[in-house]
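The values are calculated or read from the model by the stated rules, or taken from the named source; none is laboratory data. What you see is a predicted model, and the numbers here were worked out from it, not measured in a lab. Using ideal geometry, Cβ is built from the backbone for each residue, glycine included, and neighbour counts are taken over all protein chains shown. Surface areas here come from the heavy atoms of the whole protein model, side chains and all, with no ligands, DNA or RNA. Shrake-Rupley method; radii C 1.70, N 1.55, O 1.52, S 1.80 Å.
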Amino acid sequence: MHASTDSISSGHGERVEQGLRAVRQVRIWRNARLASMDAALPGLGVIEKGAVMADAAGRIVFVGTEADLPAAGARAEVIDCAGRWITPGLIDCHTHLVFGGDRAHEFEMRLGGASYEEIARAGGGILSTVRATRAASADALFTSADRRLAALMAEGVTSIEIKSGYGLEIDTELRQLAVARRLGRERPVTVRTTFLGAHALPPEFAGQTDGYIDLVTSPALMRRLADENLADAVDVFCEGIGFSPEQSRRVFEAATAAGLPVKIHAEQLSNLHGAALAASFGALSADHLEHLDAAGAQALAKAGTVAVLLPGAFYFIRETRVPPVDLLRAAGVAMAVATDCNPGSSPLTSLLLALNMASTLFRMTPEEALLGVTRHAAKALGLQAEAGMLKAGLWCDLAIWEIERPAELCYRMGFNPLWRRVWRGA
């Protein structure tokens, strides 16, 4: 049994994990070409005439050539891939998937000449989504996010990060995180959640930025996020229209004290050296980075922090300064690619289109872009021991493609060559 768009849209009460336990068995995918993304192999880790075997628990137990495939017993299910390509399931490592309403009217304003900053300062932008999200019930948020998630899963996404950040008050922020967790329970996908309470200043705290940071960094809140398993990481928008480096530092200190990893939105509109700050806390990732300088790139490299590049936002808000991919390459920084799915600056629910944009707009090579939605995206979420490669011991998350070569996934626009999607072996 393989996850399909039909299973994605099935009843909300289904507990996917429980259902899979009843049908899992040893499975072999043979007669395939593998882009394993294994760091121990060069490039995309290509294996010709390859096979993948998963045990009944959904873990990979073999990746290699068919000639080396171990005996699996008569009860194993064998899937003939007929020469198709298999990659790890794709990973969208930066989204804001759970929100209320939309911002199509701001799209019209932007086309009329208003800048992202002007719209935000006029009370639009994030704050307009905050109003809609606060007014939405958990069920309404789930239903709208589920549709967006289905579109991503239909293109081979098997793991996804979902941020809060549209409540800007504790109850709504926690509601967003709870909805994200529900998506992970009820759909065949791995969900990592990120608390982004420091996304923008809510209207109730106008002129009191430090007071709001007091709220989102309170030890009781951070302990709750950790103890109740609501968040896997904590993020902050370090920008002139967001929060200062010193305020961002406070967020990181509070998260670290609670044992939560950190991430940052940094250097999107200006260079406040937020990426280097995040790196000093061992951040999982620093995201956007259009204005990153050489010192920032070196700091990311030293810390092993992943640079997450978001071409959808660059395209949608009509930015002209591309992220310094050459600097990141030279420094040896792992680069990931994500949709940044959100209502205001990247209403994008196609990771395949993000791959094309990363290649055409940012001049990433197809190899870099594909590693950016698999191995490097896994690292950006702290999932490198679980996903992002075809490797024994990791979850058997697969995307099987009707393509002639992996670069085709970056080349085409508006075309989905996915043949089959596999999550945890089923």
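Data overview
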{"read-out": "Net dipole in debye of region 184-311 [+1 Lys, Arg Cβ; -1 Asp, Glu Cβ; about Cα centre; nearest 20]", "value": "380"}
{"read-out": "FRET E, pair Ala56, Glu228, Förster distance 35 Å, beta-carbon r, rounded to 0.05", "value": "0.65"}
{"read-out": "The chain, relative contact order [Cα under 8 Å, separation at least 6], %", "value": "20"}
{"read-out": "Euclidean distance of C-alpha centroids, region 267-294 and region 205-253, integer Å", "value": "17"}
{"read-out": "Entries of Lys49/Lys302; Lys302/Lys391; Lys49/Lys391 with Cα pairs more than 28 Å apart", "value": "Lys49/Lys302"}
{"read-out": "Candidates per trypsin sites (Lys or Arg not before Pro) in region 113-199, loop by DSSP, up to 10 other Cβ within 10 Å", "value": "none"}
{"read-out": "Solvent-accessible surface ranking, highest first, for Glu402, Glu319, Glu290 at 1.4 angstrom", "value": "Glu402, Glu319, Glu290"}
{"read-out": "Share of carbon and sulfur in the accessible heavy-atom surface of region 213-299 [1.4 Å probe, %]", "value": "53"}
{"read-out": "Fully extended contour minus Cα-Cα distance, from Val322 to Ala140, at 0.36 nm per residue", "value": "61.9 nm"}
{"read-out": "Heavy atoms of Phe107: accessible area, 1.4 Å probe, square angstrom to 10", "value": "80"}
{"read-out": "Antiparallel bridge percentage (DSSP; both residues within the chain; nearest 5)", "value": "40"}
{"read-out": "Probe 1.4 Å, protein heavy atoms only - accessible area per residue of the chain in square angstrom", "value": "37"}
